[in-house]
Amino acid sequence: MTSMFRRAIGIFLIVVTAAVAPTVTAARPAAAAAPWLTVTDGFARFAVPTSEIQNAMGNVSQLVVEANVGPSATVSDLGLTRSGDVWSSVIGPLPPGLYRYRLRGDVTKLLKDPTNPTTVASDPTWSTFLVPGDGARLLTDVPAGLGGTLGTVTYPGTVARRSATVWTPPGYDARRREPYPVLYLQHGGAARHTDWTDLGRAAQILDNLSVQGRIRPMVVVMADGDAPDVPADLKRLMRAVRDGYHVARDPARQAVAGASAGGAEVVRAALTRPGEFAYVGAFAATLADPPRVAGRTVNRHLALLRIYTGNMTDPAYNPTYRLMRTLDRAGVRYEFDGVNPDAGHDWTAWQENLADFAPRLFRRVSDHRPSPGHLPLTHEFRPPAPGTTPTPWITRDANGDTFVTVETGTAFTNAGRVTLWGNWAPGGSWVNVPLSRDGDRWRVTVGPLKPWFYYYKFVVDGVSHKDSANPTRITTEPTWSTFLAPGERARPLTDVPAGRGGTLGTLTYTSTVAGGERTAYVWTPPGYDPHRATPYPVLYLQHGGGQNYTDWVEMGRAVQILDNGALAGTHTPMVVVMGNGNVPNFTAELLDNIVPAARAAYNIARDPAQQALAGLSMGGFQAFDVLKSRPGEFAYIGTFSAGVFNATGFDVPAVNSGTRLLRIYTGNVTDFVYPIVLSTMATFDSLGIRYDFAGVTPGPHGWDAWQKNLIDFAPRLFRPGSS
């Protein structure tokens, strides 16, 4: 059992090493090799044979999946755990959408998944996968024969010959009387025109919009955006498209849109050279300095200028604000799609932008509002100057989501790679988000984060470090820091008003099992009376492997959960004892040492009907051991992410008659004990042991789930008919 809990803690520790120039390798799996990635119900499961990694990379001590699974679809590192002949991990549930990923060994070695046939032409190390669902309907393939056609056009660029991807609509007729209107899609930086189809899913979006009758039949040209002279390059492309396709030359039937630096270029062109395009879309345009604008001239030529941006993690967020203020002062008419609260500077956002922009072209549109759920942009995002304030620095968006900014000290100025590890991936999983150098420090803003409790650490060139500017501390994990994202959802985890909560004290006791003095935390309810005639019921609450009695307070927020329950009147007034379970014989430690010491120091009941026992992970396994060896000792049992391995030895009649509530909890399939919990319940069914299954708690084998478990379990204790 000890090795299992070491593995559990190992899942927490995703470590990377110093970054140098990456080495791209290629694995050649045997024919009909099992896929390294499977996706079911939104959960992505990676199972990578160690032999294939050895063949491709040699010996590696750390292996991660680099994927856009962080907040705002940030590309982040998901650690894989090696067990026998497989490196594995599970993450999810992922929101519907397109994901890209690759493997990174010891940071410097990059590898494409050779079992995944998808490709990204601009970077052959990437593969993609689609998580289906309502939010990704436009990204799916239409039935064969119903979509448009992809082609390629080549043209003489300003430096060398270049290519562009061309989408023609279903039923495209090169000889029809009326030329087709045309949309030119640009991208900036080092991206290639193929990214619009490989990562932007432009073909699927346009196909679906066409099948649904939501766009006018048009030709869409997807171009490279890294030309030294973008306007000149675009003119040459337009000439080549007119030569090869039946498209309109009238500016009123020409549109242009661009993402990132490409968006900046098209906006600048629209404002300084109006009359070339009647429709302009700026997808996260990183336009640092908006040009001077002749408002009347621009308005006379533009039918539509629609502006898009992601949230405050998007580098275009502040430039978009400045652009709109410039347009306002010049009297330029434009539409703002609003801040996309869930997306940053990523293809996830630009897919949505294209899906919103294309239906507005070459037709009358009555709805000029922002997309549903998008937010106003009223000011720039300005975190404090480096080194001027403690971190984390928390900002809340208009919808209540939290964004947190953290930075390192100056000690890591010369570091090669710095990441931020935390529980902010889908379902509360742990990923590493890269930091960027900011002067002599490293900094990152992470979000959006829903209201809850978060913990994090810096990983600097493979070594874990605490955020020294954050005063919070975790005894058993000294490099971790914590913060609370406020909001109604996190109310059970927040501090109650001063003087309204219970009292946290310490209990020192002698352990005959461990052979020394030990300490427990004890929470007593508001108004606790050590002399009242009726002793208080008591809950013994245990921690997991690698932890101790401090963790339920420092990580589990047990004090806040219990205080809020007491204040709301949902909890029976009780005493809660959090002991140290790191002993070879927990049953003896509990019954011979912890319980007698607690009874001697506090006014608590001895009646089994007034005693409860609960634990997480290792503590849950220990609770099952107590249930087996001493049935009826505790009328209430709660097990959080735990099970039994040996079904023999249970006195079923004694368990059923002596237990008012046996409530079993588990995280979702990302919780490595999930199958053990299911097996335990099947065993209990076969034995006839009565239990109450709480259902699957969203989250992995971590505090996100266990906090929710205590929130659910505590109100059920010591009440008539508790269940």
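Every number here is computed from the coordinates shown, using simple stated rules; none is lab data. Remember, it's a predicted structure, so these values are computed and weren't measured experimentally. All Cβ positions, even for glycine, are placed from backbone atoms using ideal geometry, and neighbour counts span all protein chains on display.
Of note:
- Remark: spin-label model distance T570-D226 equals 5.4 nm, labels positioned 7 Å along the Cα→Cβ axis.
- Globularity ratio of region 492-716, using Cα Rg and 2.2 N^0.38 Å: 0.96
- Compactness relative to 2.2 N^0.38 Å, alpha carbon Rg of region 311-420: 1.33
- DSSP finds beta bridges in the chain, and of those with both partners inside it, around 65 percent are antiparallel.
- Considering only G344, A160, A174, the residue lying farthest towards the positive end of the dipole of region 138-360 is A174, judged by Cα position with unit charges set on Cβ.
- ³J(HN,Hα), Karplus 6.51/-1.76/1.60, whole Hz, each residue of region 90-96, x for Gly, Pro: 9, 9, x, x, 7, x, x
- Charged-residue dipole, Cβ positions (Lys, Arg, Asp, Glu), region 65-208 about Cα centre, Debye nearest 20: 420
- Residues M57, M618, sorted so that the one with the fewest Cβ neighbours within 10 Å comes first: M57, M618
- A simple charge model with +1 on the Cβ of Lys and Arg, -1 on the Cβ of Asp and Glu and nothing else charged puts the dipole of region 393-486 at about 80 debye relative to its Cα centre.
- Highest to lowest packing among 258-267, 72-81, 239-248, 342-351, scored as the average C-beta count within 10 Å: 258-267, 342-351, 72-81, 239-248
- Cα centroid separation, region 233-270 to region 283-336 (Å): 18
- Along the axis of the charge dipole computed for the chain (Cβ charges of +1 for Lys and Arg, -1 for Asp and Glu, origin at the Cα centre), the listed residues L139, P584, I689 are led at the positive end by L139.
- Once semi-axes √(5λ) of the Cα gyration tensor in Å is calculated for the structure shown, the corresponding label among (i) 53, 41, 22; (ii) 56, 27, 24; (iii) 38, 31, 28 turns out to be (ii).
- The dipole here belongs to the chain: it is taken about the Cα centre, uses +1 on the Cβ of Lys and Arg and -1 on the Cβ of Asp and Glu, and is about 1820 debye.
- Set of lysines near K466 by C-alpha distance (under 29 Å), chain-local residues within fewer than 8 positions excluded: K109, K450, K457, K708
- Net length gained if the chain between D685 and T297 were fully extended (0.36 nm per residue, minus Cα distance): 132.0 nm
- Summary of the geometry: region 471-524 and region 646-685, compared by the centres of their Cα atoms, lie 28 Å apart.
- For the listed peptides 496-509, 273-286, a ranking on the average number of other beta carbons within 10 Å per residue, highest first, reads 273-286, 496-509.
- For region 492-716, DSSP calls about 35 percent of its internal beta bridges antiparallel.
- Here the residues L354, L435, ranked from fewest to most Cβ neighbours within 10 Å of their Cβ, fall in the order L435, L354.
- Taking other C-beta atoms within 10 angstrom as a stand-in for reagent exposure, L206, L234, L687 fall in the order L687, L234, L206, fewest first.
- Computed [θ] at 222 nm, deg cm²/dmol, the chain (DSSP H ≥ 4; -39,500 (n - 2.57); rounded to nearest 500): -6500 deg cm²/dmol
- Inter-centroid distance (Cα atoms) of region 566-580 relative to region 182-203, Å: 57
- Ordering S436, I637, P608 by the projection of their Cα atoms onto the charge dipole of the chain, which places +1 on the Cβ of Lys and Arg and -1 on the Cβ of Asp and Glu, puts S436 at the extreme positive end.
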